[in-house]
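In what follows, a single structure is set out as structure tokens and then discussed.
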Amino acid sequence: MREYLLTLCITAAVTYLLTGPVRKFAIVAGAMPEIRARDVHREPTPRLGGIAMFFGLCAGLLVADHLKNLNAVFSNSNEPRALLSGAALIWLIGVLDDKFEIDALIKLGGQMIAAGVMVMQGLTILWLPIPGVGLVALTQWQGTLLTVALVVITINAVNFVDGLDGLAAGMVCIASAAFFLYAYRIWYSYGIEAAAPATLFAAILMGMCLGFLPHNMHPARIFMGDSGSMLIGLVLAAGAISITGQIDPDVMNLFSGSERNTVHQTVPVFIPLLLPLTIIAIPAADLVLAIVRRTWRGQSPFAADRGHLHHRLLEVGHSHSRAVLIMYFWSALIAFGALAYSVNSGAMWSVLAIAALSAVGLVLLLLPRFTPRAPRWAEHLVPPRYRRRRAAAAAAGAGAPVTHEAAAAGEPDEAREHRAPAAAGVAGVNGATAIGTRPRLLDRREAESSR
């Protein structure tokens with residue numbers, strides 16, 4: 001466990017430290033697309049955050065290769081090399097898309113090729129546990145098609161949910177945390193070394209997301225872009241494929257006793273099929289609702305609009321940060337609920353706990369105006385928006401313009417979210433420009449436009 005945690009920390013540190021320089025590089029490279037009608041942010045923000053995440057992945061694999069126990073993962077399996085090959089290819093396609101916005105069909109083809117590269121190096125589904133049927137061996141073509149389909153679906157699901165600051169990275173981090181606990185339990189409790197690669201992938205994925213989140217939380221200073229969302233989607237799918245199609249359930253000695261006991265005992269075998277769906281569940285529901293909504297209006301199912309779940313949460317009255325936290329809550333409920341069920345599928349307490357937490361989530365959805373405040377003794381432990389500051393409240397009550405300093409002093413999220421959107425290039429919105437002072441940049445833009 002210490003080596004897994006060390007790998008996680010190194011990955012997070014490298015990703016965090018590289019995100020700042022990558023942000024400046026993205027600004028210089030011009031990877032700052034114009035704001036679209038369906039976008040939530042109010043100022044052009046640099047992309048290419050996936051560059052830092054990819055180098056964090058490389059650092060994590062490199063450190064794990066030199067650790068005493070994790071080195072066996074590289075010597076006994078080719079899966080880490082397969083992951084690195086597919087990740088490099090999908091990352092390169094994402095970088096090109098963040099800069100030049102390549103066609104969707106080209107991206108889809110690149111995703112399939114990246115999945116095929118991993119299959120060629122051994123990261124594929126060999127057999128599939130099917131409830132009621134048992135273990136079904138797959139042919140080479142069946143395993144390849146199923147592996148490619150799972151990778152493509154997971155990549156696009158993560159890409160689809162990347163609509164608010166910190167949303168995709170946080171949801172994937174929650175899903176990977178649950179997946180790490182599950183894979184570590186299979187590896188440690190059952191002594192199955194084949195689960196070690198999936199455990200390593202989940203630890204590295206958590207580090208990538210945790211290192212990037214401080215730069216991506218609202219207001220985001222940089223977006224991960226397709227180079228990041230497709231990358232973390234591929235890593236998540238690789239872990240699911242490794243532990244689902246590579247581990248023989250017979251090794252776990254689960255098929256013993258009565259038929260009812262066998263069904264309950266084999267629940268851990270089927271959980272890998274459900275955990276990737278925890279990240280897909282919310283985007284899939286959003287996708288189905290979007291298709292129905294657009295078709296009902298006589299529009300194309302692919303027409304962009306502002307009717308997604310995160311847009312609806314903002315329209316109800318939730319702030320940007322609260323909308324993200326609500327979606328975090330539901331993702332954690334689904335992921336860790338599935339994990340708890342895998343540990344003890346016959347316990348009634350897990351069902352009752354999930355039902356109670358679901359009720360709490362519904363209450364949170366109905367309280368968009370509620371802003372919690374921390375006690376004064378704990379103000380230094382919470383974000384500024386939850387601190388009690390009389391100066392900010394007095395300035396807001398007097399109708400004075402609220403600056404970033406006032407917002408940091410404790411202005412409620414609702415007041416900032418409902419202000420009129422600022423035009424691109426207006427100073428003091430979210431600090432998206434990092435090179436040079438803001439006035440010089442504005443003067444240079446004006447000079448270029450006059451020419």
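The values are calculated or read from the model by the stated rules, or taken from the named source; none is laboratory data. Just so you know, these numbers come straight off a predicted model, no measurement behind them. Accessible surface is based on the protein model in full, side chains and every heavy atom, while ligands, DNA and RNA are left aside. Shrake-Rupley method; radii C 1.70, N 1.55, O 1.52, S 1.80 Å.
In the context of the full set of protein chains, residues of the stretch 161-250 present 21 Å² of accessible surface per residue (probe radius 1.4 Å, heavy atoms only).
Put the Cα centre of the stretch 11-30 next to the Cα centre of the stretch 181-206 and the gap is 30 Å.
Summed over the residues of the stretch 1-109 and divided among them, the accessible surface reaches 48 Å² per residue at a probe radius of 1.4 Å. Taking amide H atoms as placed 1.01 Å from N in the peptide plane, the amide H of W127 lies under 5 Å from those of L138, each 5 or more residues away in sequence or on another chain. Overall, the accessible surface of the stretch 135-230 at a probe of 1.4 angstrom is composed of carbon and sulfur to the extent of 66 percent. Phi angles across the stretch 108-115 convert, under the Karplus curve 6.51 cos²θ - 1.76 cosθ + 1.60 with θ = phi - 60°, into 3J(HN,Hα) values of 4, x, x, 5, 5, 5, 4, 5 Hz, Gly and Pro given as x.
Computed on protein heavy atoms with a 1.4 Å probe, the accessible areas place D162, D226 in the order D162, D226, largest first. When all protein chains stay in place and ligands, DNA and RNA are ignored, the 1.4 Å accessible-area order of K68, K99, K24, largest first, is K68, K24, K99.
For the stretch 202-219, 3J(HN,Hα) computed residue by residue from phi via the Karplus equation (6.51, -1.76, 1.60; θ = phi - 60°) reads 5, 5, 5, 5, 4, x, 4, 6, 5, x, 8, 4, x, 8, 10, 5, 5, x Hz, glycine and proline entered as x.
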